[in-house]
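Derivation of every value follows stated rules applied to the coordinates shown; laboratory data play no part. Just so you know, these numbers come straight off a predicted model, no measurement behind them. Note: ideal-geometry Cβ built from the backbone for every residue, glycine included; neighbour counts use all protein chains shown.
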């Protein structure tokens, strides 16, 4: 099979269209240019194929294809184009994203394009329907009336029409059907041929199902040959040279080989015609190639086949006249023999370190000198391991230890050998379970399906995809490309029956819910055997729930018992009179949410019900987690695309009850990165825009929010969003740009950051679940939402070049957090607080901490019960005189500036709490009578009540706006001796706005990202506390020992710098000088750093310069060294191999070379 | 260098191709209904929402025009505007407010309280046209929006056929420049001054023939806590048609009230939505173009050539040819004959420009759409019969 790349000119045109789409944001042709990119038939991604008719003696055939634009279906046209001399265009029928609607892709614009294309001259129109069922087939009657008329008019005037997998009886009329198929189509199974006035029509059946196996592409190649024949005939371009292949029988006996087996007949050849004859085995191996000059216009030739093993083969003939294909034909050949081999695995999967074992059964004659070779092949046809045993028994056992360097998919093959000749063979796939943890991953929503799915998978693998998330079970080609799996196991919702009981059952009904959970878990056995990164409980799911089932009430009572310990405490909180928890009821029997309690102002009763609903969900998650551990002891379980900060979700509970959680991008990310263990998988979904800038902003935000992976929705998509791959299986233009900009992540930065510590400067922020609810009651909403007040602090801190760490009220209650590690703690809109947390914060300040709150700290208890006074009023040195709504007015504060001078900051329209007065505190500003910025020394520490909502303080990030908010925050942070270690200034010497600096520490080396999420490019200077060795990671450039670094801020795209006290040196490599095929070279890579780690990109080159893509591409190593396995297969090339390791920090490369020699046993 | 030349050639060819085939894509998204819930104006809560949107895609910009009212099942002929009834949800809903930005009042009564007679969109001769036709007690009114292929603005016309004496005509425009925010810094620029947030003022009718609405904080791309700036917007009118213009620059909505001369029946406007463009760039561009646009607007031919010049005789011949291949389809023959008679009358009335021309055009538009749709099917049927 040949592999072909696009000619330069085609490429240039394609690149032009791409650049048009990228550059002309508002140009006239934008939408049409995007449609052209979607429908592009020019693909850089080439696949192995047979040149059945390239170049063709009758020249190019212009074909307009109508087909579904989903998945791998459009690639069918590219595949045909690779094999036939076609000049094609495509028109897609597509489903509109996030809907059940289908239509011609591009809607009106798409129909406009279709109309334009139909106005051109075409040799044939082809309608391709997918192989499977369940989706609408594509047929001519789907075209709008006008376009249908246009197309059929061309057909009646002489163009061809091919309908694959569908029909149109209005056009392909039975009365016009050929009673005998034309000679050129006689070997096309299931074809029917028609006349259509002056045109021709062919109907073909749906493509055959093609299961993935090594050599699957041979079946596809043969099917495509049939489609190509149909197109050429319909277009009136069938070859004049008539070729046939006639096997001697339906099955040929191996005992007759070598010998004449097939007769090759031709008519209509010129004297120059040569025939290339090829015998292909079903695994793709070519066993015979013959070139023959036919010499005369017609003739016959007996073709001999060599002695080959039993099995399926194809004999292909391509005849060329002056370099152009003049004819082609293929015939299947089956070789049978009496000695059969059968293979049975004890188990078709194994964990690393376990045994992969099985039995080989032989039948028929077993003579001396016969052996059985049991081999493990990867998808590349590499024989990664083998065992050879004498075929002296009817049943032979074998066992392999599964090595960490084994690929995820092994073809276990047993072959009976007679001397050096293969007699018969049998095979099975086996999975090596790999989960792809402890590395920076790229996760793809859904996986390709259909005949060409393996090629889509290859393209995804080449663009850095490591995992798929989808429903069902992972197909074997995923393992072939070493893709681990995230099964979408269920979707949790809270639908209820007419009695208010959760469907399919109450989450608290132990027996029923356990059976339900176990049923879901048991279905995941195939996933578990593949290798599961995490088990997903679904996306966009309900993350709280309760119902009116008695079991739910019982669980609720138990929950309340845990919360209150005694019934008197509950009665005090609720104002109720229960004598025991067993008596507790809902306020009204059908008020599942206690909405009545909320309306009545009984906030504790309402909050407790809400909190129970979150708890109930968390218990369900725990139940799933436990059940999955039964299936897979290493399992992790959680959910994705659900749970938010803004909805007052129990973020702490989610992290506790699950072992992974990937929310949609938002404020919750800050909490997860703060409280979850480092190995707790977390990320966001992205892919919901189409331009590189906005996509890159999402990508880099994940990196700078401490995610361990990037999750992309979805691998294929057109319309509102774009998939990772375009329909031709090339990455979309924006994806190419993403790949370019994020290359450093795949070159080691991603893995390195997982081993580094994000610097948070001693700044803590409390996440209080009860406060998220308190923000919704009484006059609280007048102060803004809980989330907005938090994000305002985030923005303010990040504008100062600082970062922060969340801790939660539950962590405080459970004694899991050491407050003394914080120099300053912020309490944004923390209105509700339990007595224990109050006391801990009081002690924190008393012992020297700095506590900063905005409005109304701790005016509710931990169950959102309103209190007469704030529980921390003494700490803040204030007293509460009223519980009032926000007062909006013009305020000002006087602060001492850096030079000791007093400066006045105006706060126009500031929202403040007029219900507070200073007692011991000193106010440095006011809005009317309302004090602002109250400071109080308490014990050894200080408490500061800002008494305003900083959401309303403008000007932190907008260029040219006053520095008010920044000055306020600087002053507050100054009280805690917190200052940014790195500063960023613009060309005017002023603080640069709207830029985040995130720092990670790895040993003595600091990794710094400078990130402007939106805005414009700007020249800046990054000032360091002292001179350091500076490396620009993205530019791969050493900037020297510097205390100030000049840089150009690139909006949407984070920049990364390394600051090192000493210049890092390259890693050292140690390898044995030589080994034999079948061995494993263990290369030790050792860091030059005394402390910390270095990331390196590993590349192994074979003697011919090609890259060994089976070797782990990145490694994080330290001074103790890390061993990288370089497995050498039994059939890998001999000669000098080169290992190189490129240091991420410096870009310096170290290399080691070793010789690969032949093992004694020879190959295969 | 060779590749560069090739690219230029391809680029030029493609632009030529685009220009020669330039057309505005018009899509009718259909009627959407639903019960109006909390958050809507109180007088509409619980009633049925009736909403229809027509999108005109010029290639450079997408304009969506929306008819939105509440309907009371107890009084099905009455339209009850909520915040308005003619909205522009795209390019962005905040600029020319998607929930209602254009309110025409005749003799003090909003035409929006009369249920629209027809709301149609179509594409012809390089332009897209969207019509709102109202048959009110005071006048038959057509509010027409025209987008040109490749264009970045909307030309608008309010055309009246009075039934009673017209004493006053007023158009109230509403926008939320760049974002639905109140922590904003709204400004309106005219040819002679910059009017800041909080100001209420009258414009000099002769000298201030346009307004550029922008927000100094929420410039394009500015990300606030919950909103991101979309970009500014602008309007331009014909000073000679105006009695007075009042401007109220609120911290949320900006209201522009134009008292039109009641002796006239044809009032013209241009609307810009500069979504995606920075204040400064959009302002510079708009200021530069405004004088020429004002002249162009005054002379702009709002007549829809796709209707006015529809070749009835040619179309009837085409139908006859198709019908010859399907002689059994008597129903189609009768239908086309009926339409032909209707259209002949309607087009005559339209060309005469007499009273009733607005309604005649509206009816002709509907019939032509049915004719064209049916003709393709008829021709296809004939072709399939012949295979």
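Take the alpha carbon atoms of chain B, find their radius of gyration, then divide it by 2.2 N^0.38 Å using N residues; give the quotient. Can you show the working numbers first?
Working: Rg = 23.1 Å, N = 387, 2.2 N^0.38 = 21.2 Å.
Output field value: 1.09.
Run the numbers for residue A:940 and residue A:820: contour at 0.36 nm per residue of separation, minus the present Cα-Cα distance, in nm.
Working: separation 120, 0.36 × 120 = 43.20 nm, distance 1.26 nm.
Extending this stretch completely gives an extra 41.9 nm.
Between B:121, B:231, B:59, which gets the highest mean-square fluctuation from a Gaussian network model of chain B, Cα cutoff 10 Å?
Highest fluctuation of the listed residues: B:59.
What spacing in nm lies between the two simple spin-label points modelled at residue A:1044 and residue A:1112, each 7 Å away from Cα in the Cβ direction?
4.4 nm
Please work out the FRET efficiency for the pair residue B:345 and residue A:462, using the Cβ-Cβ distance as r and a Förster radius of 56 Å; give the result to the nearest 0.05.
Working: r = 67 Å, r/R0 = 1.19.
FRET efficiency, residue B:345 to residue A:462: 0.25.
Can you give me the convex hull volume of the Cα atoms of the range B:188-292, divided per residue and expressed in Å³? Don't skip to the end; give the middle numbers.
Details: hull volume 10.6 nm³, N = 105.
That works out to 101 Å³ per residue.
From the square roots a ≥ b ≥ c of the eigenvalues of the alpha-carbon gyration tensor of the range B:17-108, which class results: rounded (a/c under 1.5), prolate (a/b over b/c), or oblate? Spell out each step's value before the answer.
Working: a/c = 2.41, a/b = 2.15, b/c = 1.12.
Prolate shape, in that a/c is at least 1.5 and a/b is the bigger ratio.
For the range B:168-228 and the range A:1051-1109, write down the distance between their C-alpha centroids in whole Å.
Using only Cα atoms to place each centre, the spacing works out to 59 Å.
Between B:28, B:72, B:352, where does the largest GNM mean-square fluctuation fall for chain B, given springs only between Cα atoms within less than 10 Å?
B:352
Would you mind ranking A:492, A:486 so that the residue whose beta carbon has the fewest other beta carbons within 10 Å leads the list? All intermediate terms of the calculation are to be shown ahead of the outcome.
Values: A:492 18, A:486 27.
Least crowded to most crowded, the residues run A:492, A:486.
Mind checking Rg over Rh on the range A:261-419, alpha carbons, Kirkwood formula for Rh? Walk me through the numbers on the way to the answer.
Working: Rg = 20.9 Å, Rh = 18.6 Å.
Rounded to two decimals, Rg over Rh is 1.12.
Is the range A:881-931 best put as rounded, prolate or oblate by its Cα gyration tensor, with a ≥ b ≥ c the root eigenvalues, rounded for a/c under 1.5, and otherwise prolate when a/b is larger than b/c, oblate when not? Write out the running numbers ahead of the final one.
Working: a/c = 4.03, a/b = 1.62, b/c = 2.49.
Since a/c reaches 1.5 but b/c is at least a/b, the shape of the range A:881-931 is classed as oblate.
For the range A:179-331, take the alpha-carbon Rg, divide it by the Kirkwood Rh, and send me Rg/Rh. Each step should come with its number before you reach the end.
Working: Rg = 16.3 Å, Rh = 16.7 Å.
Reported Rg/Rh (Cα atoms, Kirkwood Rh): 0.98.
Let me confirm one metric for peptide A:147-159, namely the mean number of other chain beta-carbon atoms within 10 Å of its residues' beta-carbons.
On the way: counts 2, 6, 11, 3, 1, 5, 3, 0, 2, 4, 0, 0, 0.
Partner Cβ neighbours, averaged per residue: 3.
Calculate how many DSSP beta bridges within chain A are antiparallel, expressed in % of all such bridges and rounded to the nearest 5. Working shown, then result.
Values: 177 of 249 bridges.
About 70 percent, rounded to the nearest 5.
Taking Cα pairs under 8 Å and at least six residues apart, what relative contact order does chain B come out at, in percent?
Numbers: 850 pairs, mean separation 45.1, N = 387.
For chain B, the relative contact order is 12 percent.
Provide the FRET efficiency to the nearest 0.05 for the residue A:371-residue A:189 pair, computing r from the beta carbons and using R0 = 51 Å.
Details: r = 39 Å, r/R0 = 0.76.
For R0 = 51 Å, the calculated efficiency reads 0.85.
With both bridge residues required to lie in the range A:378-496, what share of the DSSP beta bridges run antiparallel, to the nearest 5%?
Values: 10 of 17 bridges.
Rounded to the nearest five, the antiparallel share is 60 percent.
Can you tell which of B:129, B:256, B:284 shows the greatest fluctuation in a Gaussian network model of chain B with Cα springs below 10 Å?
Result: B:284 has the largest fluctuation of those listed.
Got a sec? How would A:758, B:56 order by Cβ neighbour count within 10 Å, fewest to most? Kindly include the intermediate steps, with their values, before the conclusion.
Values: A:758 18, B:56 28.
Listed from fewest to most nearby Cβ atoms, that is A:758, B:56.
Gain in length, residue A:388 to residue A:869, computed as 0.36 nm per residue apart minus the alpha-carbon separation, to one decimal in nm? If you can, show how the numbers build up before the last one.
On the way: separation 481, 0.36 × 481 = 173.16 nm, distance 8.37 nm.
So the extension gain works out to 164.8 nm.
Kindly state, to the nearest 0.05, the FRET efficiency for residue A:1090 paired with residue A:1123, given R0 = 30 Å and r defined as their beta-carbon distance.
On the way: r = 20 Å, r/R0 = 0.68.
For residue A:1090 and residue A:1123, the calculated efficiency is 0.90.
Arrange the following residues from fewest to most other Cβ atoms within 10 Å of their Cβ: B:233, A:637, A:618.
Details: B:233 29, A:637 26, A:618 20.
Ranking B:233, A:637, A:618 by Cβ neighbours within 10 Å, fewest first, gives A:618, A:637, B:233.
With a cut-off of 8 Å between alpha carbons and a minimum separation of six or more residues, what is the relative contact order of the range A:453-604 in percent? Working shown, then result.
Details: 169 pairs, mean separation 31.6, N = 152.
Value for the range A:453-604: 21 percent.
Provide a whole-number value for the mean count of partner chain Cβ atoms within 10 Å of the Cβ atoms in peptide B:373-381. It would help to have the intermediate numbers written out before the result.
Values: counts 3, 1, 3, 7, 5, 2, 7, 13, 3.
Per-residue shielding by partner chains comes out at 5.
Quickly estimate the mean residue ellipticity at 222 nm for chain A, helices only: each DSSP H run with n ≥ 4 gives -39500 (n - 2.57), and the total goes over all residues, rounded to 500. Intermediate results must be reported in sequence, preceding the final value.
On the way: 25 runs with 263 residues, N = 1164.
Per the formula, -6500 deg cm²/dmol.
Averaging sequence separations of C-alpha pairs under 8 Å and six or more residues apart, then dividing by the length of chain A, give the relative contact order as a whole percent.
On the way: 2720 pairs, mean separation 73.8, N = 1164.
Relative contact order comes out at 6 percent.
Sum -39500 (n - 2.57) across every DSSP H segment of at least 4 residues in chain B, then divide by the residue count to get the 222 nm mean residue ellipticity, nearest 500.
Details: 6 runs with 111 residues, N = 387.
The helix-only estimate for chain B comes to -10000 deg cm²/dmol at 222 nm.
Once you have a ≥ b ≥ c as the square roots of the Cα gyration tensor eigenvalues for the protein assembly as shown, tell me rounded if a/c is under 1.5, and otherwise prolate or oblate according to whether a/b is larger than b/c. Display every interim value, and only then the final one.
On the way: a/c = 1.88, a/b = 1.16, b/c = 1.62.
Oblate is the answer for the protein assembly as shown, as a/c is 1.5 or above yet b/c matches or exceeds a/b.
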